[in-house]
1. Given the criteria hydroxyl-bearing (Ser, Thr, Tyr) and modelled with pLDDT under 95, does Tyr105 qualify?
2. Could you check, for region 33-49, whether at least one of its residues is surrounded by 11 or more Cβ atoms within 10 Å (Cβ to Cβ), in contact with a helix residue (DSSP H, G or I) (Cβ under 6 Å, 6 or more places away or on another chain) and modelled with pLDDT of 80 or more?
3. Just name the residue that is surrounded by the fewest Cβ atoms within 10 Å (Cβ to Cβ) out of those in region 96-116 that are within 9 Å of the chain's Cα centre (by Cα) and of a type in the set (Gly, Ala, Ser).
4. Taking region 86-95 as the search range and keeping residues that are closer than 11 Å to Val143 by Cα and touching a residue at least 24 places away in the same chain (Cβ under 8 Å), which one is surrounded by the fewest Cβ atoms within 10 Å (Cβ to Cβ)?
5. Determine which single condition Met82 fails, assuming it passes every other condition in (1) at pLDDT below 80; (2) touching a helix residue (DSSP H, G or I) at 6+ places or on another chain (Cβ under 7 Å).
6. State all residues of region 50-63 that are among the charged types (D, E, K, R) and surrounded by fewer than 19 Cβ atoms within 10 Å (Cβ to Cβ); if no residue qualifies, say none.
7. Before we move on, is Asp112 under 27 Å from Ala12 (Cα atoms) and assigned to a helix (DSSP H, G or I)?
Amino acid sequence: MSRTTSYEGFTAEERAAMKDRAQEMKKEVRRSSRAEKAAQAEQDVMAKIAEMPDSDRILAERVHAIVTAAAPVLAPKLWYGMPAYARDGKIVCFFQGAAKFGSRYATLGFSDPAKLDEGTMWPTSFALTEVTAEVQESIEALVRKAVS
């Protein structure tokens, strides 16, 4: 029996994300003090958000404002070229713009350290097309729960 499909490898977007992550890790090692790392990480996140296409940038700016206000214990940092928010160095949540991997919607995602556990199954990723007042309240509640 022969196989007609073959593995094509990583997409250009996936390779770019891996390169972004490698650069992020190099930058983290080069920074000396904890305060310098935190300040520069915040600047890196804001610069990455500024580079996004308008539709993603608007959402990312709103998510950034909501997350940093709702959970000041989270430190902004880049993660695979995406704005992310960490506690004790571990990513709790992140924003993935639609353009990042050619999706039709942006994503607000949560990693393992997020305390969103609810029974035996719970969502860890949310499609995001607009930040309304209701969506803002949902994000605030999720982020607060994630760091509780």
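1. Working: hydroxyl-bearing (Ser, Thr, Tyr): yes; modelled with pLDDT under 95: no.
No: the conditions fail for Tyr105.
2. Yes, because at least one residue in region 33-49 is surrounded by 11 or more Cβ atoms within 10 Å (Cβ to Cβ), in contact with a helix residue (DSSP H, G or I) (Cβ under 6 Å, 6 or more places away or on another chain) and modelled with pLDDT of 80 or more.
3. Pass one, region 96-116, residues within 9 Å of the chain's Cα centre (by Cα): 96-97, 107-110.
Restricting the remaining residues to those that are of a type in the set (Gly, Ala, Ser) gives 97, 109.
Numbers: Gly97: 24, Gly109: 17.
For region 96-116, the residue satisfying everything is Gly109.
4. Narrowing region 86-95 to residues closer than 11 Å to Val143 by Cα: 92-94.
Retained after the next criterion (residues that are touching a residue at least 24 places away in the same chain (Cβ under 8 Å)): 92-93.
Values: Val92: 24, Cys93: 29.
Within region 86-95, the match that is surrounded by the fewest Cβ atoms within 10 Å (Cβ to Cβ) is Val92.
5. All conditions pass for Met82, except number (1).
6. Glu51, Asp54, Arg57, Glu61, Arg62 - these are the residues of region 50-63 that are among the charged types (D, E, K, R) and surrounded by fewer than 19 Cβ atoms within 10 Å (Cβ to Cβ).
7. Values: under 27 Å from Ala12 (Cα atoms): yes; assigned to a helix (DSSP H, G or I): no.
Spelling it out, it is not the case that Asp112 is under 27 Å from Ala12 (Cα atoms) and assigned to a helix (DSSP H, G or I).
Yes/no per residue for (1) under 22 Å from Gln23 (Cβ atoms); (2) out of contact with any strand residue (DSSP E or B) (no Cβ under 8 Å at 6 or more places or on another chain); (3) β-branched (Val, Ile, Thr):
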position	(1), (2), (3)
Ala47	yes, yes, no
Arg87	no, no, no
Ile91	yes, no, yes
Tyr105	no, no, no
Ser125	no, no, no
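The values are calculated or read from the model by the stated rules, or taken from the named source; none is laboratory data. From a predicted model like this one, the values you see are computed outputs, not experimental measurements. Here the Cβ is made from the backbone with ideal geometry for all residues, glycine too, and neighbour counts use every protein chain on show.
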